[in-house]
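Data block below; observations after.
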Amino acid sequence: MKTQNRPTIALVATGGTIASVPDAHLKGAVPTLTVEDLVASVPGVGDHADITCVQQAQKPSVELDFPDLTALIATCLKAVEAGASGVVITQGTDTIEETSYALDLLWDRPEPIAVTGAMRNPSLAGSDGPANLLAAVQVAANPSARDRGVLVVLNDEIHTARDVIKTHTSSISAFRSWRTGPIGTVDEGEPRFHTSTLRRLGINAPVRSIPRIALVTAVLGDGMSYVEALPDWGYEGVVIEAFGGGHLRSEGMPVMRELVQRIPVVLASRTGAGTVLSRTYAFPGSETELLQAGLISAGSLHPLKARVLLTMLIASGADQTAIRREFSART
Ligand code: ASP
């Protein structure tokens, strides 16, 4: 029964480590716990909000795909239209950096979505799932989280979906935002934001099938001539994780010049932080030459985020001009 003066939070579970327990036969942890089990594992979670439960999926997060995300958005929309003042999504941490950003691009409502998970499954000492779930509910239920889009809450830190990256295979402090740091923390159960709300830049909902977008990394001594085959393999775009500030070996230039005539090619940096340069170097294969050749700068977007953005833009029907405009609006 609805309790007066308390927010309703929709809890949408999809699997991941937070819901995984060891399977004696398989000899490893697999997603098993239901959304109701998750709620039951957090003493006091009901003190903060009335929780409505949705079991959306039960899988490791590498099995999530873009159609799952549009389905999740539909679930979140249904929840807020039914009166929820926020949503918490639980999922595996392996893909939170990509899923949260795709959700953020599609979520245009003021109600917050807090995405969380766990690095240690519930059978391990110091399992972080219950604390993360509680913190995510506290964030989603707090009015100061409104108009901030999709947030990622783990280890009592609040990150933007745009910047958060998983940086460690097992540490409970695996999630970092190199550009901004966490935009808030949860202290004694109280979310505290260190920034005012930021301008939110969404995109249109998909109007066609999700395109295949490649992500390729420049490596020592390789001119990457293989990328010329990408369109023939069905790829409709590519993000290049270039060296340093946005550089490739000079021998790769002819292939890049041809590729940009066929598909959008986004220039990001394999360093994973900082902004792609635009006017510092002029050697063959430099950022200046690549941008002049028609590559689209990812600006300060991490390559994984740039790939999500390019995927969603093409799915929303954007042409090359619109893609260029949308990337430059986010640099
Ligand atoms: N394998 C898990 C996943 O579903 C890892 C995790 O949740 O941390 O992503």
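At a glance:
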read-out	value
Filter result for the condition that a residue is touching a residue at least 12 places away in the same chain (Cβ under 8 Å), more than 20 Å from the chain's Cα centre (by Cα) and over 16 Å from Glu157 (Cα atoms), over Glu190, Glu228	Glu228
Residue tally, condition in contact with a helix residue (DSSP H, G or I) (Cβ under 9 Å, 6 or more places away or on another chain) and in a loop (DSSP other than H, G, I, E, B), over the range 56-80	2
Subset of the range 19-30 that is in contact (Cβ under 8 Å) with a residue 60 or more places away in the chain and out of contact with any Leu (no Cβ under 7 Å at 6 or more places or on another chain) - its residue that is nearest to Ala118 (Cα to Cα)	Ser20
Residue list for the range 260-276, filter: surrounded by fewer than 19 Cβ atoms within 10 Å (Cβ to Cβ) and within 22 Å of Ala322 (Cα to Cα)	Val260, Gln261, Arg262, Thr275
Failed criterion for Ala19 (all others in (1) within 12 Å of the ligand (Cβ to nearest atom); (2) modelled with pLDDT under 95 hold)	(2)
Any chance Leu304 is farther than 20 Å from Ala205 by Cβ and either out of contact with any Cys (no Cβ under 6 Å at 6 or more places or on another chain) or outside any loop (DSSP other than H, G, I, E, B) (or both)	yes
Positions within the range 98-127 being within 12 Å of the ligand (Cβ to nearest atom) and either without any contact (Cβ under 8 Å) to a residue 12 or more places away in the chain or crowded, with 24+ Cβ neighbours inside 10 Å (or both), in sequence order	Thr99, Val115, Thr116, Gly117, Ala118, Met119, Leu124, Ser127
Selection status of Ser173, outside any strand (DSSP E or B), without any contact (Cβ under 8 Å) to a residue 24 or more places away in the chain and on the phi < 0 side of the Ramachandran plot	yes
Residue satisfying all of: in the range 4-16; on the phi < 0 side of the Ramachandran plot and assigned to a strand (DSSP E or B); nearest to the ligand (Cβ to nearest atom) among these	Thr14
Selection from the range 297-313 of residues that are over 14 Å from Leu215 (Cβ atoms) and either in contact (Cβ under 8 Å) with a residue 60 or more places away in the chain or in contact with a Leu (Cβ under 9 Å, 6 or more places away or on another chain) (or both)	Ser297, Ser300, Met312, Leu313
The range 22-40 - residue that is part of a loop (DSSP other than H, G, I, E, B) and away from the ligand (no atom under 16 Å from the Cβ) and, of those, nearest to Ala131 (Cα to Cα)	Ala24
Condition met for Thr70 (under 18 Å from the mean Cα position of the chain (by Cα), within 30 Å of Thr311 (Cβ to Cβ) and more than 16 Å from the ligand (Cβ to nearest atom))	yes
Sole exception among (1) buried (at least 18 other Cβ atoms within 10 Å of the Cβ); (2) free of Cβ contacts under 8 Å to residues at least 40 places away in the same chain; (3) within 15 Å of Ile9 (Cα to Cα) for Leu69, by number	(3)
Total residues in the range 248-277, condition assigned to a strand (DSSP E or B), touching an Asp or Glu at 6+ places or on another chain (Cβ under 6 Å) and over 21 Å from Ala318 (Cα atoms)	0
Gly83 out of contact with any helix residue (DSSP H, G or I) (no Cβ under 6 Å at 6 or more places or on another chain), without any contact (Cβ under 8 Å) to a residue 12 or more places away in the chain and away from the ligand (no atom under 16 Å from the Cβ)	no
Residue within the range 41-61 that is more than 25 Å from the chain's Cα centre (by Cα) and within 16 Å of the ligand (Cβ to nearest atom) present	yes
Strands (runs of 3 or more DSSP E) lying entirely in the range 103-166 (those with 1 or more residues that are within 29 Å of Ala205 (Cβ to Cβ) and touching a Pro at 6+ places or on another chain (Cβ under 8 Å))	150-154, 157-160
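The values are calculated or read from the model by the stated rules, or taken from the named source; none is laboratory data. What you see is a predicted model, and the numbers here were worked out from it, not measured in a lab. Because the Cβ atoms are built from the backbone with ideal geometry, glycine has one as well, and the counts that use them run over all protein chains shown.
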